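None of the figures in this text is laboratory data; all of them are computed from the coordinates on show. Model, not experiment: these values are computed from the prediction. All Cβ positions, even for glycine, are placed from backbone atoms using ideal geometry, and neighbour counts span all protein chains on display.
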Amino acid sequence: MNDATESIHTNDSLKICIVGGGNAAQAMAALFPHLGIPCNMFVPYGDEAERIKMAVDEQGYIVADFAAHNDPSGEVRGRPEKISKNAAEVIPECNVLILPLPSFAYQDVLSEIKPHIQKGTFIGATPGQGGFDWLGNEVLGDVAKDVVLFSILPMPFNCRIVEFGKRVSVQEFKRRYKVGATPVSRCPEAVAISNKLFGYSESCGNSLSCSLYPINAVIHPARLYALCKDWQEGDILKENPLFYEDMNDESTELMDLVNKELIDIAGVLSAEGVAEVDVPHIKDFLADYVYHDDSPTLKSFFATNSAYKGFRCPFVERENGWVPDFSNRYFTEDIPLGLCLYKGVAELVEVETPVIDRILSWAQHHMGKEYLVGSRLTGKDIYETACPQRFGITTLEQLKI
């Protein structure tokens, strides 16, 4: 394993490898070179690397088209130095790896890049929840001792590919970020990297804080439970509402209750000396901190903020209506890698979570999974989740940071 540390800290020189080829990855591939930061792309999925490389060679660059209210705005053009599905070609020469990936993709990707990571590399995931540090340590083994794992909250972009490998439309470029790292002593350096890549960033300390921060796993399951809690197989829904703009009071009230259970969990973690975990309210984080949005309520924030326009619920259209799609990421990611993680930590600190339990029980029924048995996380499928118990963490002492 070579050493990437000197190039980061002595010369203040970053070379990024963007891991993935999706919407956010392609936006980064335009933005980073535009900022004067060289980058490679590691795109391991199917023929995506070949398609992106062919498109970039044909056009000469990737375009990220930022909506007018963003900074930057308009067309931003950039060209990665290398694009490959072979990790050996693009990983070793980079001192920072950025993974704009869903949590369920971390394990396979980390396994593939493990042999090619330099000593001292910073490996950053965004949004980096789902026990990224626990999984990273498990997959990377001894390699993890010589790298820094960090998370950037929230995901920097709301964006969609317009033409694969050529153009991505960026509806929203977030304004402010929280960063946590393992080891926590290296968090200031991770914050500095996030500042350079995405803009104003602050520390939230450790990776456990990142895993408990109230974003997707608070928003998505609560909203869907409020909409679909009475749905049964064979029922047809008459419409597919806008996920955020049609937000109702019940949905935001459930988010608030789940968030309060998280805050209770964080309070015990801090009081017991396990970790300094400061979990904010979701409105304080997203509306006030990230967007500087002065909407009076969480409901009005979601209904009016430009970042949340146009998203429909994860429903599947049928001949005479709609049905929920329980194979959608709002379930397959936010339940096992979100709510189950919250529940697992809650059990370690002995905090009751009746609202999380209610949503988990409902979701697992429709997903055909068994996470909860009664009110305990002892079901046969917990080893598909990101709960600490799945990583062999069963005591507060093991959880201590």
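Summary of values
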| item | result |
| --- | --- |
| P(r) histogram, all alpha-carbon pairs of the stretch 5-206 included - 10 Å bins from 0, percent | 10, 39, 38, 13, 0 |
| FRET efficiency estimate (nearest 0.05) - Cβ-Cβ, His365 to Ile236, R0 25 angstrom | 0.85 |
| Taking the chain and dividing mean pair separation by its residue count, relative contact order in percent (alpha carbons under 8 Å, at least six apart) | 13 percent |
| The chain - share of DSSP beta bridges that are antiparallel (%, nearest 5) | 45 percent |
| Distance (nanometres) between label positions extended 7 Å along Cα→Cβ at Glu276 and Asp381 | 3.9 nm |
| Extension gain, Lys119 back to Phe311 (0.36 nm per residue minus Cα-Cα distance, nm) | 65.0 nm |
| Links that overshoot a 31 Å alpha carbon limit, given the list Lys119/Lys196; Lys238/Lys380; Lys260/Lys400 | Lys238/Lys380 |
| Per residue Cα convex hull volume in Å³ - calculated over the chain | 137 Å³ |
| Square roots of 5 times each gyration tensor eigenvalue, C-alpha, the stretch 216-399, largest first, Å | 28, 23, 12 |
| Of the trypsin sites (Lys or Arg not before Pro) in the stretch 323-397, those whose Cβ has at most 10 other Cβ within 10 Å and which sit in DSSP loop | Lys380 |
| Relative contact order, percent, the stretch 5-206 [alpha-carbon distance under 8 Å, six or more residues apart] | 21 percent |
| Cβ-based net charge around Asp235, under 15 Å, with every Lys or Arg adding one and every Asp or Glu removing one | -3 |
| Full-stretch length increase - Asp142, Glu253 - with 0.36 nm per residue and alpha-carbon distance subtracted | 35.6 nm |
| Per-pair calculated FRET efficiency, R0 = 30 Å: Phe104 and Asp246 via Cβ, rounded to 0.05 | 0.60 |
| Calculated P(r) tail over 15 Å for the stretch 146-241, as whole % of Cα pairs | 71 percent |
| Radius 14 Å from Cβ of Asn40, net charge of other residues (Lys, Arg +1; Asp, Glu -1) | +2 |
| The chain, helix-only ellipticity at 222 nm - DSSP H runs n ≥ 4, -39,500 (n - 2.57), divided by all residues, nearest 500 | -10500 deg cm²/dmol |
| Under 17 Å from the Cα of Lys114 - aspartates and glutamates, other chains or at least 8 residues apart | Asp3, Glu89, Glu93, Asp133, Glu138, Asp142, Asp146 |
| Positive minus negative residues near Val109 (Lys, Arg vs Asp, Glu; Cβ under 14 Å) | -2 |
| Highest-fluctuation residue, Ser327, Ser169, Ser209 considered, GNM on the chain with Cα pairs under 10 Å | Ser327 |
| Positive-pole candidate from Ile335, Phe315, Ser270, dipole of the stretch 216-399, charges at beta carbon | Phe315 |
| C-alpha center-to-center spacing [the stretch 286-319, the stretch 73-150] in angstrom | 30 Å |
| Coarse-grained scattering of the stretch 48-131 at q = 0.19, 0.25 Å⁻¹, given as base-10 log I(q)/I(0) from a Debye sum over alpha-carbon atoms | -1.06, -1.22 |
| Nearby aspartates and glutamates by direct alpha-carbon distance to Lys369 (threshold 20 angstrom, same-chain neighbours under 8 apart not counted) | Asp230, Glu233, Asp325, Glu333, Asp334, Glu347, Asp357, Asp381, Glu384 |
| At 0.692 mPa s and 37 °C, Stokes D of the stretch 213-301 from Kirkwood alpha-carbon radius, µm² per second | 226 µm²/s |
| Positive-end residue of Tyr225, Ser203, Asn240, charge dipole of the stretch 195-303 with Cβ unit charges | Ser203 |
